[in-house]
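Nothing in this text is a laboratory measurement; each read-out follows from the coordinates by a stated rule. Predicted model only: the values in this text are computed from it and were never measured. Please note: Cβ atoms are built from the backbone with ideal geometry, for glycine as well, and neighbour counts cover all protein chains shown.
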């Protein structure tokens, strides 16, 4: 793991009783592997393999490194673990959040989040040439 001083915890996604640490570009999230696996078949497959005895841990939790941006990962995990964060349209939502959730919802096959992100986009932008 990189130098511990360069790692940043996202306090709103650092659960004391979490059982997996997600690391995206030196930003850490301590969440629940069972919830990730239940929401995402991709995470379910990644987390199905037993951990090696010498696997990296933080605070006793295995670490899963993602190549996704820290911002996209934060938006995506907040949408999974905080039901009020990514409310359905017509709730106002930041474009960066929509983009990150759409991208990772597609990548990790979290269909309800992907659909909700598309709903936010289609409500704000025309979806046909005629509507432009």
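DSSP bridge analysis restricted to the chain gives an antiparallel fraction near 50%, rounded to the nearest 5. Using a Gaussian network model of the chain in which every pair of alpha carbons under 10 angstrom is joined by a spring, one finds that among 88, 112, 50 the greatest mean-square fluctuation is at 50. Once the Cα atoms of helix 111-124 and of the chain are each reduced to a long axis, what angle between those two axes, in degrees from 0 to 90 to the nearest 10, is obtained? Value to nearest ten degrees: 40.
On a 0 to 90 degree scale, rounded to 10, what angle separates helix 95-107 from the longest Cα axis of the chain? With both axes taken from Cα atoms, the answer is about 70 degrees. As a rough footprinting exposure proxy, the listed residues 9, 116 were ranked by other beta carbons within 10 Å of their own, and the order from fewest upward is 9, 116. Compute the angle between helix 70-81 and the longest alpha-carbon principal axis of the chain, please, reported from 0 to 90 degrees and rounded to the nearest 10. Once rounded, one gets 80 degrees. Working note: 222 nm ellipticity from helices only, DSSP H runs with n ≥ 4, each -39,500 (n - 2.57), summed and divided by the residues of the chain, gives -12000 deg cm²/dmol to the nearest 500. Residues 89, 75, ranked from the fewest to the most other C-beta atoms within 10 Å, line up as 89, 75.
Beyond 21 Å, what share of the Cα-Cα pairs of the chain remains, rounded to the nearest whole percent? The proportion of pairs with Cα distances above 21 Å equals 43 percent.
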